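Take a look at the structure below.
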Amino acid sequence: MDLSPRLQGIADQVPAGARFADVGTDHGYLPVWLLLQGRIQHAIASDLRAGPLQRARETAAQYGTAAQMDFRLCDGLAGIAPDEVDTIAIAGMGGETIAMILAAAPWTRQCRLLLQPMTAGEDLRQWLGENGYRINSERIACEGKRYYTILNVTGGAMPAQTPAELWVGRQSSDVLRAPWLDYMLAKVNRQLEGHRAAAVPDETAIRGLEEVAEGIRTMRKELDS
Ligand SMILES: C[S@@+](CC[C@H](N)C(=O)[O-])C[C@H]1O[C@@H](n2cnc3c(N)ncnc32)[C@H](O)[C@@H]1O
């Protein structure tokens, strides 16, 4: 089984021997791949909906890993006990949903979290900083024309984040950092254009986004120099 670059970016950050849960597992590729590699010995695969969880069961049956997995039908971490896991992936969901899942399970501050927001990464980074979580690093993945970031998070105090850092994470030497910054700058610029074209432009939002865009351009220049 080959993982997509996005899922591989998450899998690479799961420590050997981790007590692992994949929340919102859907197809179940991530835990099944980790079990096939022998990186972990057991995994919990959970999902809010029965259909996706059934897909995970089918993947596990196909690859012979079902005996090493528990399948839990639950909202977020509601069906997972704190002493069952030390590493949790929550991927392929909006940043607000990820924050809501963590808010309902504050014990996750004692775990390693691998978070991959599809949208609203800026809201998730802000929420993490305000709620006792620390982003230790981010890894960028590219699939076709889309870029993704995977936040490696533990409990702890997070240094203050600038508006641009809320959108693109802290500056790093990731090989995909430059195209990631270009990708996110284009996204911010599209939002700015939308605001400017509005019948009644929201000047506060425009000023905020201009500050974000300027911060991203500065980070991009730093990389070039
Ligand atoms: C787009 S899929 C992502 C699948 C996989 N994690 C990935 O990254 O490829 C999102 C999955 O999250 C599940 N989901 C959404 N909200 C959830 C919640 N509050 N708790 C658990 N699962 C949830 C959905 O049912 C769906 O199967």
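Working from the pairwise distances between different alpha carbons, so that the mean of 1/r is found and then inverted, what is the chain's Kirkwood radius in Å?
That comes to 18.4 Å for the chain.
How many percent of DSSP beta bridges within region 43-170 run antiparallel, rounded to 5?
55 percent
With labels modelled as points extended 7 Å from the Cα through the Cβ direction, what inter-label distance (nm, one decimal) is found for ASP182 paired with ALA16?
Modelled inter-label distance: 3.8 nm.
Each residue of region 184-194 in order: what ³J(HN,Hα) in whole Hz does its phi give by Karplus 6.51 cos²θ - 1.76 cosθ + 1.60, θ = phi - 60°, with x for Gly and Pro?
Per residue, the Karplus-derived 3J(HN,Hα) values read 6, 5, 4, 5, 5, 5, 5, 5, 4, 4, x Hz.
Once fully extended, how much extra length lies between THR162 and SER4, figured as 0.36 nm per residue of separation less the alpha-carbon to alpha-carbon distance?
Going from the current span to full extension adds 53.8 nm.
How much of the accessible area of the chain, probe 1.4 Å, is carbon plus sulfur, in whole percent?
So the carbon and sulfur contribution to the accessible surface is 51 percent.
For region 180-225 and region 71-113, write down the distance between their C-alpha centroids in whole Å.
31 Å
Classify region 39-117 as rounded, prolate or oblate, taking a ≥ b ≥ c as the square roots of the eigenvalues of its Cα gyration tensor: rounded when a/c is under 1.5, otherwise prolate if a/b is larger than b/c and oblate if not.
Here region 39-117 falls in the prolate category.
Relative contact order of region 44-133, please, whole-number percent, based on alpha carbon pairs below 8 angstrom and at least 6 residues apart.
Computed over region 44-133, the figure is 26 percent.
Determine the calculated [θ] at 222 nm for the chain from helices alone, applying -39500 (n - 2.57) to every DSSP H run no shorter than 4 residues and normalising by the residue count; nearest 500 deg cm²/dmol.
-13500 deg cm²/dmol
First check a/c for region 38-171, with a ≥ b ≥ c the square roots of the eigenvalues of its C-alpha gyration tensor; if it is under 1.5, answer rounded, and if not, answer prolate when a/b is larger than b/c or oblate otherwise.
In terms of gyration-tensor shape, prolate.
From the alpha carbon gyration tensor of region 24-68, can you work out the equivalent ellipsoid semi-axes (sqrt of 5 times each eigenvalue) and give them in Å, largest to smallest?
Result for region 24-68: semi-axes of 17, 10, 8 Å.
Between SER173 and GLU96, with labels modelled 7 Å along Cα→Cβ, what's the label distance in nm to one decimal, could you check?
If labels sit at SER173 and GLU96, their model points lie 3.9 nm apart.
Please compute, for the alpha-carbon atoms of region 162-225, the extent along each of the three principal axes and give them in descending order in Å.
Principal-axis extents of region 162-225 (Cα, largest first): 41, 19, 17 Å.
Tell me which residues come under 5 Å, amide H to amide H, from MET118 once H is placed; ignore anything under 5 positions away on its chain.
Here the answer is GLY92, MET93, GLY94, GLY95, since their amide H atoms fall under 5 Å of that of MET118.
Considering only region 1-117, what is the antiparallel percent among its DSSP beta bridges, to the nearest 5?
0 percent
Against the longest alpha carbon principal axis of the chain, how many degrees, from 0 to 90 and to the nearest 10, is the axis of helix 50-63 turned?
Rounded to the nearest ten degrees, it is 60.
Please get the size of the charge dipole for region 162-225, origin at its Cα centre, with Cβ charges of +1 on Lys and Arg and -1 on Asp and Glu, quoted in debye to the nearest 20.
120 debye
Relative to the longest principal axis of the chain, what angle (0 to 90°, nearest 10) does the C-alpha long axis of helix 203-224 take?
Roughly 80 degrees between the two axes.
If you line up the long axis of helix 121-130 against the longest principal axis of the chain, both from Cα atoms, how many degrees apart are they, to the nearest 10?
80 degrees
On average, how much accessible surface per residue is there in region 162-225, in Å², for a 1.4 Å probe, leaving out ligands, DNA and RNA?
For region 162-225, the per-residue accessible area is 58 Å².
So if each residue of separation counts as 0.36 nm, and I subtract the Cα-Cα distance between ALA104 and ASP123, what length gain in nm does that give?
Gain on stretching ALA104 to ASP123: 5.2 nm.
The values are calculated or read from the model by the stated rules, or taken from the named source; none is laboratory data. Just so it is clear, the structure is predicted and the values come from calculations on it, not from any experiment. All Cβ positions, glycine included, derive from the backbone under ideal geometry; neighbour counts span all protein chains shown. The area values use the complete protein model at the heavy-atom level, side chains included, leaving out ligands, DNA and RNA. Shrake-Rupley method; radii C 1.70, N 1.55, O 1.52, S 1.80 Å.
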